[in-house]
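Since the structure comes first, as structure tokens, the remarks are kept for the end.
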Amino acid sequence: MPIFKSLSCGMVLRLGSAITGLLCLSPLYAAEKTAIEKSAAVKEGASVFRANCSPCHGLNARGGGRGPDLTSGRWTHGSSDAAIFRTISQGVPGTEMPANALEDSEIRAIISFLRSLSPPKNPVAMGDSTQGREIFNGKAGCADCHMVLGHGGVLGPDLSRVGASRSVAYLIDSIRQPNKDLSTGITDPNNHYGLALVYDTVTVVNADGTKLTGVAKNEDTYSVQLISTDQKLHLLLKKDVREVTHERRSLMPPYSEDALDGPQLQNLIAYLETLRGEDNANMPSRGLHTGGTKEAK
Amino acid sequence: MKRALLLALFFGAALSQAQVTYERLQSAANEPQNWLTYSGRYSGWRYSTLDQISTNNASHLAMQWTFQVADLGQFETTPLVVDGVLYGTGQNDRAFAIDARTGRPIWRYQRSLPEKLQPCCGMVNRGMAILGDRLFVATLDAHVIALDTKSGNVLWDVTAADYHKAYTFTVAPLVVKNEVIVGISGGEYGVRGFIDAYDAATGRRLWRFETVPGPGEPGHETWKGDSWKTGGAPAWITGTYDPELNLVYWPTGNPAPSNYGGERGGDNLYSNCMLALDADTGKLKWYFQFTPHDLYDYDATQIPILLDAQWEGRPRKLLLQANRNGFLYVLDRTDGKFLSAKPFGKVTWATEIGADGKPVVNASLKTNPEGTRVCPGALGLTNWYAPSYSPDTGLLYVATSTECDLFTSAPQPYRAGHDFLGSVYLPDPVERPTGALKALDALSGAEKWSFPYFSNPNGGALSTAGGVVFAGESDGNFIALDTKTGHDLWHVQLGAAIYSTAITFQVDGKQYVVIPAGAALFAFTLP
């Protein structure tokens, strides 16, 4: 069998062997050959994905702190092989998805790998997005800190396309346990190996002992650019303050079941899922999936 | 006729003044107005006896000129300066000569590179070497070229390896006698590493040392099966040289695949080694392996520092290396004998280095597909950026990182020209990494002071007789500190991460300090 793997069907036929010729013509053989090739492509794709994509999309492609779940079946930038190929090779301008200088065969292998993955067992959005939007802007107070399509606060990350860039599981974690995986902030293109700042709580003790609490838009050894909880921007030199402390926890409060029960959470997630960078937030929708898990109830 | 003779003598004298001889390279420390080799001198100290800029006046430093190379990115060059002319390289294999007083260009060179190149970590180049009226550059498409110092014209161009298989050069060459010595990159692609020497006059290859031994060669038994064929062990940082011993000290990088060792059982010689090679023949005199059977990408590609000092009561020729694996090593450079190794930051992969020089590996850390947290991270406690040794303080200045990583590990099939990593490492999600410039006692490794950086660094250190150590941060700050105390003397924000290390020189009685950042060189002087 191994020798057949290294010979094309045409080559085998030219050998003139009736047996091998029959093998080549056999649908069974063709199916087996296709399966072998597919398996090899999936295996290679898994390696290439792991090395190049997993830092953002997670080791299992189920989404990470910077990239969406690629097993959800929802492809914001096109679901055909050609569209996914384009997304990988050219990136998505205006998002964190970069262009990737991979061989065509490697990209095709990644697509094979992604197609091979099981449907997600993630909690899914099955709520009512219209009610979710009301929760976002009302009871939950999300809009006080988060901007959506130009409206809202500036303390937290802009959520205008969060539905396209984060998995449902990540969104639920971000609401129930905001400290679990802090969102990243500014990414400096001139700082290739540098890690982006995260949205953690920063406390500055001024020279007079007063305190400022907020998030750092940027920081280096000598200065910090802070947005305080009253959403004012403070440009501070470290030599002028006593202390700058990163608490490695989010400023956002955790929304427990008491604050946001299961159905309300589902509605909120359904609304966040509609946020894809376009002004479609007014479009009520039902979740794509039914049969949500315990976490989504 | 007499006039013609006088003219000939005049121009001959002018030309000879511009010639950089091997003798001048050997005594580079005696002409601090110039910067003649990658590390400033063969011993790798990156130290200058210039003292016009000092602890008393560094706070007055001001920009004198900038020079734009046009390509934004990781600007990793160490320029050379010879008699008022500065020579440098830029991203995408650019090269240039500029007036060191004004920053005005004299010539520019841009290599025509093929489309498909596979440098792991950017289209970078770390600089040139010079001999006579020739500059030598090792290129991303795995060629070595000689450029004319006055015009930038190509004098010779030789192929060292096949770039289609991801062999690339990023290293600044080292000139020894009539040889141009270079080491290959490509450890992330499963190349078989080597160190080459070329005839400076013709480009003819004089010798090659394969850093992964082939069948029948000593060390071949340290590779399981055919894994040696794709074993990596690149040699991508410029070595140092002891003229008296006639030994070139050249460090090597990781075995491939870097994060999975299941199919390359053994110590994997000569990955992560210090090699002592006979300068004339390239024959191995001795080796010392820092991280056998590496699983964490701990390239030993840090500049070896050569120092003659008292060790345990007797004078000894030492070699120091602050290694990416987190230990500061002291070796006897005559024979490679291990003398000591002390951690200079947080290390978890090994509990200590034993008396035999071998690491006592932390048995509780088992790599797996989901990830194991290990310190230092894949970028190391330090990395390729230059350390500096000051004979005035006896201190070694080392830029360090606190980053730990989650190392995931999984088998990966080899494909020529494709990355060959054996999975991926992920930054520690728990702690944001920071960095520091540390001053270590060169012999004991004891920390004398530490200047904290907000982020982990990509730039190294330069120390001077003025008592100043210059360093560059990833956040774009170029900093001057007191060599004795670490006291912050001055800084300036350059607007891009600093990926290199400063040099200093003097023209017309004025001391300059030059640092690359982003797409530009920045020159500072006193007002």
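How far is it, in nm, from the label point at A:Asp181 to the one at B:Glu115 when both lie 7 Å from their Cα along the line to the Cβ?
3.6 nm
Would you mind calculating the relative contact order of region B:19-525 from Cα pairs under 8 angstrom and at least 6 residues apart, reporting the percent as a whole number?
15 percent
Find the relative contact order for region A:202-246 and round it to a whole percent, using C-alpha pairs within less than 8 Å whose residues are 6+ positions apart.
41 percent
Which whole-Hz couplings ³J(HN,Hα) result when phi for each residue of region A:140-155 is put into the Karplus expression 6.51 cos²θ - 1.76 cosθ + 1.60, θ = phi - 60°, listed in order with x for Gly and Pro?
Once θ is set to phi - 60°, the couplings for region A:140-155 become 7, x, 4, 5, 4, 10, 10, 9, 10, 6, x, 10, x, x, 10, 6 Hz.
Mind listing the long-range amide H neighbours of B:Tyr109? Cut-off is under 5 Å, sequence gap 5 or more, other chains count too, H placed in the peptide plane at 1.01 Å from N.
B:Ala95, B:Phe96
Please express the Cα-Cα pair-distance distribution P(r) of region A:202-246 as a list of whole percents, one per 10 Å bin, running from 0 to the bin with the greatest distance.
32, 63, 5
So what are the ³J(HN,Hα) numbers for region B:236-245, from phi and the Karplus equation (6.51, -1.76, 1.60; θ = phi - 60°), rounded to whole Hz, Gly and Pro as x?
Karplus-based 3J(HN,Hα) across region B:236-245 equals 8, 10, 5, x, 10, 8, 10, x, 5, 7 Hz.
Per 10 Å bin, what is the whole-percent P(r) computed from every C-alpha pair distance within the protein assembly as shown?
2, 12, 21, 23, 19, 13, 7, 3, 1, 0, 0
For the residue pair A:Arg242 and B:Lys283, what label-to-label distance in nm results when each label sits 7 Å from Cα along the Cα-to-beta-carbon direction?
6.9 nm
Computed FRET efficiency, Cβ-Cβ of A:Asp158 and B:Val430, R0 22 Å: what is it to the nearest 0.05?
Working from the Cβ atoms, E equals 0.30.
At a temperature of 10 °C and a viscosity of 1.306 mPa s, determine how fast region B:327-405 diffuses translationally according to Stokes-Einstein, using the Kirkwood radius over alpha-carbon pairs as Rh; express D in µm²/s, rounded to the nearest whole number.
Answer, rounded: 110 µm²/s.
Using only the alpha-carbon atoms, how far is helix B:2-18 inclined from the longest principal axis of chain B? Give it as 0 to 90 degrees, nearest 10.
Its long axis makes an angle of about 30 degrees.
Please list the non-local residues whose amide H lies under 5 Å from the amide H of A:Leu275, H modeled 1.01 Å from N, same-chain partners needing a gap of 5 or more.
Residues meeting the criterion, in which the H sits 1.01 Å from N, are A:Gly163.
Would you mind checking which residues have amide H under 5 Å from B:Leu269's amide H? H placed 1.01 Å from N; only 5 or more apart, or other chain.
B:Thr222
Taking the simple approach of a point 7 Å from Cα along Cα-to-Cβ for both B:Lys229 and B:Ala355, what is their distance in nm?
4.3 nm
For chain B, what does -39500 (n - 2.57) per DSSP helix run (n ≥ 4), summed and divided by total residues, give at 222 nm, in deg cm²/dmol to the nearest 500?
It comes out at -1500 deg cm²/dmol, rounded to the nearest 500.
When each pair of different Cα atoms in region A:38-111 is counted once in the 1/r mean, what is the Kirkwood radius in angstroms, to one decimal?
It is 12.3 Å.
From the square roots a ≥ b ≥ c of the eigenvalues of the alpha-carbon gyration tensor of region B:263-372, which class results: rounded (a/c under 1.5), prolate (a/b over b/c), or oblate?
Oblate shape, in that a/c is at least 1.5 and b/c is the bigger or equal ratio.
Grab the other residues whose beta carbon is less than 15 angstrom from that of B:Pro114, score K and R as +1, D and E as -1, and report the net.
Every neighbour counted, the sum reads -3.
For the cross-link pairs B:Lys224/B:Lys283; A:Lys43/B:Lys346; B:Lys285/B:Lys342; A:Lys38/A:Lys180; B:Lys177/B:Lys484, which exceed 32 Å when the distance is taken from alpha carbon to alpha carbon?
A:Lys43/B:Lys346; A:Lys38/A:Lys180; B:Lys177/B:Lys484
Looking at B:Thr348, B:Gln33, B:Val212, which one has the Cα that reaches farthest to the positive end of the dipole of the protein assembly as shown (charges on Cβ: Lys, Arg +1; Asp, Glu -1)?
After comparing all options, I get B:Val212.
Please report the Cα spread of region B:19-525 along all three principal axes, rounded to whole Å, starting with the longest.
If we take the Cα atoms of region B:19-525, the spans are 60, 48, 46 Å.
Mind checking the mean number of beta-carbon atoms from other chains within 10 Å of the Cβ atoms in A:215-223?
The shielding value for this peptide is 5.
In percent, how large is the relative contact order of region B:414-466, given Cα pairs closer than 8 Å and 6 or more residues apart?
With pairs under 8 Å counted, the relative contact order is 27 percent.
Of all beta bridges DSSP finds with both residues in chain B, what is the antiparallel percent, to the nearest 5?
Taking every DSSP beta bridge within chain B, about 95 percent pair in antiparallel fashion.
Cβ under 15 Å from B:Gly467's Cβ, B:Gly467 left aside: what net charge do those residues give with Lys, Arg +1 and Asp, Glu -1?
-2
Here, each number is a calculation from the coordinates, and none is a lab measurement. The structure displayed is predicted, hence computed values, not measured ones. So basically every Cβ, Gly included, is an ideal-geometry build from the backbone, and we count neighbours across all protein chains shown.
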